[in-house]
């Protein structure tokens, strides 16, 4: 999988470790009919590391963490829950995931995926916490439009100035 397809050139760059986790998760998802984009802007001003749609139209978000400090210092992640039906932590293999069992990390609402640059494994499935139908429609349409825009811009970079990536 090409890094340029996974992460748009206009988005903030993922670190090499985070990009490897994103690649592994994207491969796992592709085998399970979940198609995702990296660095997906949300309407609340946040940016999901990975956001995708499964075969039933449900929205999935993955927040990638490759260091303990980043995991423990992240206070914004609950804001992603309003934009998806399922939420996963995407972790590098070396990261201790025990902290994610703490009540502050809402283990009843969050799944865990461990990934490297080649593959990934779901170690705790994410529960389905369904969005309202109208909210899901908005999120799916935004994701589809962003994916299409990125595809067109990748084919013809001059088109980048003709729209906005949101």
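The values are calculated or read from the model by the stated rules, or taken from the named source; none is laboratory data. Note that this is a predicted model, so its numbers are computed, not measured. Cβ placement follows ideal geometry from the backbone for every residue including glycine, while neighbour counts extend to all protein chains displayed.
Residues that are modelled with pLDDT of 90 or more, under 11 Å from the mean Cα position of the chain (by Cα), surrounded by 13 or more Cβ atoms within 10 Å (Cβ to Cβ) and closer than 27 Å to residue 156 by Cβ are absent from region 55-76. Would it be correct to say that residue 47 is within 30 Å of residue 149 (Cα to Cα) and either free of Cβ contacts under 8 Å to residues at least 60 places away in the same chain or surrounded by 14 or more Cβ atoms within 10 Å (Cβ to Cβ) (or both)? It is true that residue 47 is within 30 Å of residue 149 (Cα to Cα) and either free of Cβ contacts under 8 Å to residues at least 60 places away in the same chain or surrounded by 14 or more Cβ atoms within 10 Å (Cβ to Cβ) (or both). Under the condition of being more than 8 Å from residue 119 (Cα to Cα), surrounded by 17 or more Cβ atoms within 10 Å (Cβ to Cβ) and either free of Cβ contacts under 8 Å to residues at least 12 places away in the same chain or touching a helix residue (DSSP H, G or I) at 6+ places or on another chain (Cβ under 8 Å) (or both), the residues counted in region 21-33 number 2. Residues in region 71-84 that are out of contact with any helix residue (DSSP H, G or I) (no Cβ under 9 Å at 6 or more places or on another chain) and in a helix (DSSP H, G or I): 73, 78, 79, 80, 81.
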